[in-house]
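These notes concern the structure reproduced below.
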Amino acid sequence: MKEFFSDWFSLDGFNIWKLHTPMDYVYFGLILVGGFVLLWLVIRFLASRRTPEGTAARVEKQLRKLGGKESAVYRDVTIRSQRDHCSCAMLYANWEGVYVVQVYHFGLEVSGSASSKYWTLSYNKDIRQVDNPLDEMEEQIVVLNRLLGRAGIRGVPVEKLVIFADIYGRPSLSLRGVDCAVVRQDLPKWRKEKRKGSTIDLKGVKQALEASFQTAPNQG
């Protein structure tokens, strides 16, 4: 085997096609099979992590890291304040404000607009349409603003944050009129821009949020 590789990859006139004996062909075949098996294992590994739950967990971890130890990420919560209530897949609270977060685990090509009913997410020939989340997120923001106001906490920015986090690569976004969409790879840059704003009473905000939460029905 050692001589086989030395012969194949010698610096003296590099020539990969030095197959002289039956054993050369056997070794070459084993290398090809090993490469295909490794590729198959990598694809299987990525596919096992390309799920809504796995992607949300990775995004949560990244947001916590970017926001520092005092920041908070809440998943699958229901906010209740007097007659107002809404369910949120993810909320993010840091020193600059509160964010209603929508995470997409699929799609390297994303198109749509702020006013379109659906957004199109695609990967190669796999094309999916999802509901435009912005209206629902706006309703969540209304409830959160009322909640914070009733708690006596004023001047807290509550904004939308849509994150595209396909593990297969860097998504390309074509969302006309949408200024709250970010690809996972650009979250550090997004965070840096947000840090230019004023800070909020983060402790008070978290207390108000956590006091309002009820476990979402599908979480028991």
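The values are calculated or read from the model by the stated rules, or taken from the named source; none is laboratory data. Model, not experiment: these values are computed from the prediction. Every residue, glycine as well, gets a Cβ built from its backbone with ideal geometry; the counts of neighbours run over all protein chains shown. When the accessible area is computed, the model is the full protein with side chains, heavy atoms only, and any ligands, DNA or RNA have been set aside. Shrake-Rupley method; radii C 1.70, N 1.55, O 1.52, S 1.80 Å.
Considering every residue within region 162-174, establish whether at least one is more than 19 Å from Tyr99 (Cβ to Cβ), touching a strand residue (DSSP E or B) at 6+ places or on another chain (Cβ under 7 Å), assigned to a strand (DSSP E or B) and not hydroxyl-bearing (Ser, Thr, Tyr).
No.
If you go through region 101-112 one residue at a time, do you hit one that is charged (D, E, K, R) and farther than 23 Å from Arg50 by Cβ?
No, because not a single residue in region 101-112 is charged (D, E, K, R) and farther than 23 Å from Arg50 by Cβ.
Taking Val100, is it of a type in the set (Val, Ile, Thr) and in contact with a helix residue (DSSP H, G or I) (Cβ under 7 Å, 6 or more places away or on another chain)?
Here the answer is yes, as Val100 does meet what is asked.
For Arg80, state whether it is closer than 30 Å to Lys203 by Cα, open to solvent by less than 70 Å² (accessible area, probe 1.4 Å), modelled with pLDDT of 70 or more and charged (D, E, K, R).
no
Restricting region 89-119 to residues that are touching a Gly at 6+ places or on another chain (Cβ under 6 Å) and assigned to a strand (DSSP E or B), which is surrounded by the fewest Cβ atoms within 10 Å (Cβ to Cβ)?
Looking at the filtered set, the residue picked out is Ser113.
Quick check on region 178-194. Is at least one of its residues closer than 28 Å to His85 by Cα, at pLDDT below 95 and either open to solvent by 70 Å² or more (accessible area, probe 1.4 Å) or not in a strand (DSSP E or B) (or both)?
The answer is yes, given that some residue of region 178-194 is closer than 28 Å to His85 by Cα, at pLDDT below 95 and either open to solvent by 70 Å² or more (accessible area, probe 1.4 Å) or not in a strand (DSSP E or B) (or both).
Keeping to region 195-210, report how many residues are open to solvent by less than 90 Å² (accessible area, probe 1.4 Å) and either free of Cβ contacts under 8 Å to residues at least 12 places away in the same chain or closer than 20 Å to Asp179 by Cβ (or both).
1
With the requirement that a residue be at pLDDT below 95 and not charged (D, E, K, R), what does region 124-141 give you?
Scanning region 124-141 gives a single hit, Asn124.
Quick check: is even one residue across region 144-155 at pLDDT 95 or above and closer than 21 Å to Pro52 by Cα?
no
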